1. Take every Cα-Cα distance within region 187-345, group them into 10 Å bins from 0 onward, and report for each bin the whole-number percent of pairs it holds.
2. For HIS161, what charge total do you get from the other residues with a beta carbon under 14 Å from its beta carbon, if Lys and Arg give +1 and Asp and Glu give -1?
3. Return the subset of LYS121/LYS358; LYS95/LYS352; LYS100/LYS207; LYS146/LYS207; LYS146/LYS208; LYS100/LYS352 for which the Cα-Cα distance in this structure is over 23 Å, preserving the input order.
4. Convert each backbone phi in region 174-189 into a coupling constant with the Karplus relation 6.51 cos²θ - 1.76 cosθ + 1.60 (shift: θ = phi - 60°), then list the ³J(HN,Hα) values in order as whole Hz, x for Gly and Pro.
5. Would you mind checking which residues have amide H under 5 Å from GLY198's amide H? H placed 1.01 Å from N; only 5 or more apart, or other chain.
6. Which distance in Å, rounded to a whole number, links the C-alpha centroids of region 138-184 and region 198-268?
7. What percent does the relative contact order of region 120-215 come to when contacts are Cα pairs within less than 8 Å and at least six residues apart?
Amino acid sequence: MKMNKISTMLAVSLSFCITTVFAADSGVDHSKMDHSQMQTTDTADVDHGNMDHSGMMNHANMQMAPAGIMKSHNHKKGGFMFSYGFMSMGMEGIKNGTDKASTQDVLADSYSMAPSEMSMKMHMLGAMYGMTDDLTLAVMTGYASKEMTMLMPMMMAMMEHDGESSGITDTEVSIVDGLNRYGLDNLVISYGFSLPTGSIDETYDGKKLGYPMQLGSGTFDFVPSITYQQMFNDSWGYGVQGRATVRIGNNSADYRLGNEYEASTWLTKGFGKRFSISAIIDVAYNDNISGADSDMMASMSPSKDPLAREATVITAGLSGRYNLGSGHNLLLRVDVPIYEDFTGYQLMTDYKLAVNYKKMF
Ligand SMILES: [Cu+2]
């Protein structure tokens, strides 16, 4: 059911993407035109380093991609980019399917505990390096801190149970291909792997924490993406990105997290040469876990139940980008969920906040 829904959404975004690619490239010099237009915009901005960095990048319209959209541009040979991001996410309350559920519902379904809140903070470090004019190496890793509160019936009252974990997350190594050698100026693809550098053995008070509190997948994951971006004129543009996380094999604890499929689409409006705002819609699906960690008892809590992880989530976001000149970029993004459909009891997301800093050399 869910898989059908999400496949439809992904198919729609993808066909939208493909249609536009062909529409753009069947026209004689359409993409070239857009490109030179963009460069004019960049060079017109006399007093700053945008000029250098558009020389280092094949996709000047990268300036239009909102925060959180990674691997949407490549750098020209020798070009280098460093990025730092901070993300904060809050979750509270439970849903099952698309309906809200209470702590009592969870306990009545024979779980011993019910999750009530969770928060996650993450620092992300990234680097990109142009190996050729088309192929850019992108490496990304992070440090996450997570906190979760569970409720457990004790005598006649509810007792709070806390859990915490923190550490290095998984590390992604990808190749971003600008496809300019095929004349595809607006299309970028990337393919790479997520390496299992994040721990899957996080415990608290001597007990193994649930699946969402672990820091990594424990498996090598294939992480491809495809991005299409187009400027309408020198201030309006849009983009579409599809990405997937496909897990390979089982991890050392004998389970495999569900695959993830995500599509984002955004509309960006530039104000002057330095500032732009994007509105983003993101559709994400992730599957249940196959196998199970033998140190987690599914009946303890839904967060330890491998079959209560499947989710389809649609979020709406707003992102702002400020180009500080000399290749410095500051980005901000806020997201709120507009649709959540869960298999089993899962925590609802309140908000997601992200700050990003990028420096291009
Ligand atoms: Cu970059």
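A short reminder: the numbers here are calculations on the coordinates, not readings from a lab. Bear in mind that the values here come from a model prediction, so they are computed numbers and not experimental data. Note that each Cβ is placed from the backbone with ideal geometry, even for glycine, and that neighbours are counted across all protein chains shown.
1. For region 187-345, the pair-distance distribution reads 10, 29, 30, 20, 10, 2.
2. Working: positive: LYS207, LYS208, LYS304; negative: GLU117, GLU147, GLU160, ASP162, GLU164, ASP205.
Neighbour charge sum, excluding HIS161 itself: -3.
3. Working: LYS121/LYS358 19 Å; LYS95/LYS352 18 Å; LYS100/LYS207 28 Å; LYS146/LYS207 15 Å; LYS146/LYS208 14 Å; LYS100/LYS352 20 Å.
Correct reply: LYS100/LYS207.
4. In residue order, the calculated couplings are 9, 10, 9, 10, x, 6, 5, 5, 9, x, 8, 6, 9, 10, 10, 10 Hz.
5. Result for GLY198 returns ASP170, THR171, SER217, GLY218.
6. Spelled out, the Cα-based centre of one part sits 9 Å from the other.
7. On the way: 198 pairs, mean separation 23.6, N = 96.
The normalised contact order for region 120-215 reaches 25 percent.
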